[in-house]
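Trainee: I have a structure here, written as structure tokens, and I will follow up with some questions on it.
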Amino acid sequence: MTEKVAKLTLGDQTFDFPVLQGSVGPDVIDIRSLYAKTGLFTYDPGFTSTAACDSSITYIDGDKGELLYRGYPIDQLAEKSSYTEVCYLLLYGELPTKAQLAEFDDLVTRHTMVHEQMHYFFRGFRRDAHPMAVMTGVVGAMAAFYHDSTDITDPQQREIASIRMIAKMPTIAAMAYKYSVGQPFVYPRNDLDYASNFLHMCFSVPAEQYEVSPEIARAMDLIFTLHADHEQNASTSTVRLSGSSDANPFACIAAGVACLWGPAHGGANEAALNMLRQIGTVERIPEFIARAKDKNDPFRLMGFGHRVYKNYDPRAKVMQETAKKVLDILGVENNPTLQVAKELERIALEDEYFVDRKLYPNVDFYSGIILNAIGFPTSMFTVLFAVARTVGWIAQWKEMIADPQKKIGRPRQLYNGSPAREYQSIDAR
Ligand code: ACO
């Protein structure tokens, strides 16, 4: 096979750059030698055309609406797999055997407790602190509690840090919730699976155990699975950039949590649910559709559109079905928010504005309805996303650390400030 080459012509000079092929997806032009050869940088704010790394973990085809974890389509994993099996797959590259999964589950289960001193750390926060502010602080503080797994050059320590974070994130998230509602922290239970244990830690109180319904636990597990990884999104890129300086893994994941907090990223499901409630009834949908199309109105349909998906987000399909199931189980038939969501989706998908711009529901459109029905306040939605995404962040961080080509991330810039000038003493200004 002849190697493809991209030619760049600058004035009367032409430069060749190799074109690299991945296993699937668009080829990339390798411009690593661009500056050395030409003295130029590329300009790509938002990295809309830039591949920042090699990766073999997750693949998205935005035009087809396809999402693969290690090659497996998300809808198959959602239907047949479980969150911890997906964690194993993302971390180690292959689906586990029965014995491997049992061993992995046991390992994760036996790391769910947090250092008892962490309770005092939580108590330093104001009661009304946003749980994401608490998460950012506490996840970063894990480096202080577990400094025996911060040496990133030791593969064994990297492994222990990874298991610790996957196992302890639900405990920390549940503690953030309990603290915000003024209830005592609930310790994990080793007889429960990952999702059931999380629901137990959130909703049990010492006076009364929460009866974990298997169907609700399955819906929680599904939400975790659907959010487990999403290739080089903003928070994952933040984790990679932080890790590129050899920062410890807990600090890197804390950086990912901080980035995820933004309403354009992890905060969108909260915004989508608020919007559906604001619309309130099916009759008011046309008014909001008109506002979304009006360029003089800043209103946008939250949970609609995606930077990468220009087709139906495959996760949204699973979410829609799950929302219906969860509401049925909880006996919330004819839920007005779900009715508004489905009708809004139907109208938008027939509307020329949304069709032309390839705007489809994304994962956030239905997830808020499910989480709310389970009993989570909106302030916890992004926290749940952070719990689920931790494995993706870790898998990507581990991949980067083990890559012999790893370099510290250091983007360049198009400078528009003042050229060099002489310092003027304060009296002369
Ligand atoms: N409602 C109305 N119009 C929209 C919407 C929307 N939700 N999304 C995009 N558009 C329009 C834009 O106004 C623009 O129209 P124009 O071409 O006439 O100017 C066109 O569609 C393209 O939009 P961009 O913002 O350029 O597309 P981009 O890919 O940069 O944005 C984004 C993607 C930020 C997700 C956008 O669709 C949006 O704001 N959606 C609502 C917020 C949301 O749901 N975010 C969650 C993302 S998923 C996640 O993080 C897990």
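The values are calculated or read from the model by the stated rules, or taken from the named source; none is laboratory data. All values derive from a computational prediction rather than experimental measurement. Glycine gets a Cβ as well: all are built from the backbone with ideal geometry, and neighbour counts include every protein chain shown. Areas reflect the complete protein model, heavy atoms only, side chains present, ligands, DNA and RNA absent. Shrake-Rupley method; radii C 1.70, N 1.55, O 1.52, S 1.80 Å.
Trainee: When the stretch 343-390 is examined, which residues are found to be of a type in the set (Ser, Thr, Tyr) and touching a helix residue (DSSP H, G or I) at 6+ places or on another chain (Cβ under 6 Å)?
Mentor: Across the stretch 343-390, the qualifying residues are TYR353, TYR366, SER367, THR378, SER379, THR382, THR390.
Trainee: Restricting to the stretch 37-47, what's the tally of residues that are touching a residue at least 24 places away in the same chain (Cβ under 8 Å) and open to solvent by 80 Å² or more (accessible area, probe 1.4 Å)?
Mentor: 3
Trainee: Now, a different point. Could you list all residues from the stretch 265-314 that are among the small types (Gly, Ala, Ser), within 8 Å of the ligand (Cβ to nearest atom) and part of a helix (DSSP H, G or I)?
Mentor: Within the stretch 265-314, ALA268, ALA271, ALA272, ALA292 qualify.
Trainee: Give me the residue from the stretch 251-264 that is open to solvent by 10 Å² or more (accessible area, probe 1.4 Å) and either in a loop (DSSP other than H, G, I, E, B) or within 18 Å of PHE47 (Cα to Cα) (or both) and, out of that set, nearest to the ligand (Cβ to nearest atom).
Mentor: The selected residue is ALA264.
Trainee: Among the residues of the stretch 95-147, which ones are of a type in the set (Lys, Arg), free of Cβ contacts under 8 Å to residues at least 12 places away in the same chain and in a loop (DSSP other than H, G, I, E, B)?
Mentor: Scanning the stretch 95-147 gives a single hit, ARG126.
Trainee: Considering only residues that are open to solvent by 50 Å² or more (accessible area, probe 1.4 Å) and either more than 14 Å from the ligand (Cβ to nearest atom) or in contact (Cβ under 8 Å) with a residue 60 or more places away in the chain (or both), which ones fall in the stretch 344-370?
Mentor: ARG346, GLU350, TYR360
Trainee: Search the stretch 302-326 for residues that are open to solvent by less than 10 Å² (accessible area, probe 1.4 Å) and pair each with any residue that is more than 8 Å from the ligand (Cβ to nearest atom) and assigned to a loop (DSSP other than H, G, I, E, B) when their beta-carbon atoms are under 7 Å apart and the residues are at least 6 apart or on different chains.
Mentor: TYR309/GLY62; TYR309/GLY65; TYR309/TYR360; ASP313/GLY65; ASP313/TYR360
Trainee: OK, next. Could you tell me how many of the residues in the stretch 90-116 are under 23 Å from ALA258 (Cβ atoms) and either of a type in the set (Lys, Arg) or open to solvent by 70 Å² or more (accessible area, probe 1.4 Å) (or both)?
Mentor: Residues meeting the conditions: 1.
Trainee: A further question follows. Looking only at the stretch 272-301, how many residues end up being within 21 Å of HIS130 (Cβ to Cβ) and open to solvent by less than 30 Å² (accessible area, probe 1.4 Å)?
Mentor: Adding up the residues that qualify gives 3.
Trainee: Something else now. Specify which of the listed residues (THR382, THR390) is under 23 Å from ALA195 (Cβ atoms), within 12 Å of the ligand (Cβ to nearest atom), touching a residue at least 40 places away in the same chain (Cβ under 8 Å) and open to solvent by less than 30 Å² (accessible area, probe 1.4 Å).
Mentor: Criteria check complete, one pass: THR382.
Trainee: To continue, here is another question. Just the residues that are modelled with pLDDT under 80 and in a helix (DSSP H, G or I), please, taken from the stretch 329-343.
Mentor: The answer is none; no residue qualifies.
Trainee: Can you find a residue in the stretch 51-70 that is open to solvent by 90 Å² or more (accessible area, probe 1.4 Å) and of a type in the set (Ser, Thr, Tyr)? Don't jump to the end; show me each part of the working.
Mentor: Initially, the stretch 51-70 is screened for residues open to solvent by 90 Å² or more (accessible area, probe 1.4 Å), giving 52, 54, 63-64.
Keeping just the survivors that are of a type in the set (Ser, Thr, Tyr) gives none.
No, the stretch 51-70 contains no residue that is open to solvent by 90 Å² or more (accessible area, probe 1.4 Å) and of a type in the set (Ser, Thr, Tyr).
Trainee: If you take just the helices (runs of 4 or more DSSP H) that sit entirely in the stretch 181-250, which of them hold at least 3 residues that are buried (at least 16 other Cβ atoms within 10 Å of the Cβ) and within 16 Å of the ligand (Cβ to nearest atom)? Step through it out loud before you land on a result.
Mentor: Details: elements: 194-203, 214-226, 234-243.
In the stretch 181-250, the matching helices (runs of 4 or more DSSP H) lie at 214-226, 234-243.
Trainee: Quick one: would you say ASP75 is open to solvent by 50 Å² or more (accessible area, probe 1.4 Å), within 27 Å of GLU215 (Cα to Cα) and touching a Lys or Arg at 6+ places or on another chain (Cβ under 8 Å)?
Mentor: Values: open to solvent by 50 Å² or more (accessible area, probe 1.4 Å): yes; within 27 Å of GLU215 (Cα to Cα): yes; touching a Lys or Arg at 6+ places or on another chain (Cβ under 8 Å): yes.
Here the answer is yes, as ASP75 does meet what is asked.
Trainee: Please go through the stretch 9-29 and pick out each residue that is open to solvent by less than 60 Å² (accessible area, probe 1.4 Å) and either of a type in the set (Gly, Ala, Ser) or farther than 25 Å from TYR309 by Cβ (or both).
Mentor: Listed by number, the residues that qualify are PHE15, PHE17, PRO18, VAL19, GLY22, GLY25.
Trainee: Related question: Answer yes if at least one residue in the stretch 201-216 is modelled with pLDDT of 95 or more, within 18 Å of the chain's Cα centre (by Cα) and not aromatic (Phe, Trp, Tyr), and no otherwise.
Mentor: no
Trainee: Which pairs turn up if I take residues in the stretch 184-201 that are under 12 Å from MET113 (Cα atoms) and look for partners that are in a loop (DSSP other than H, G, I, E, B) and among the hydrophobic types (A, V, I, L, M, F, W, C) with beta carbon separation below 7 Å, at least 6 apart in sequence or on another chain?
Mentor: TYR187/MET113; PRO188/MET113; MET201/VAL186
Trainee: Can you report the number of residues in the stretch 256-284 which are closer than 20 Å to VAL138 by Cα and free of Cβ contacts under 8 Å to residues at least 60 places away in the same chain?
Mentor: 2
Trainee: Also: So which of ALA228, ALA234, ALA219 ends up being under 23 Å from ILE74 (Cα atoms), at pLDDT below 95 and in contact with a helix residue (DSSP H, G or I) (Cβ under 8 Å, 6 or more places away or on another chain)?
Mentor: ALA219
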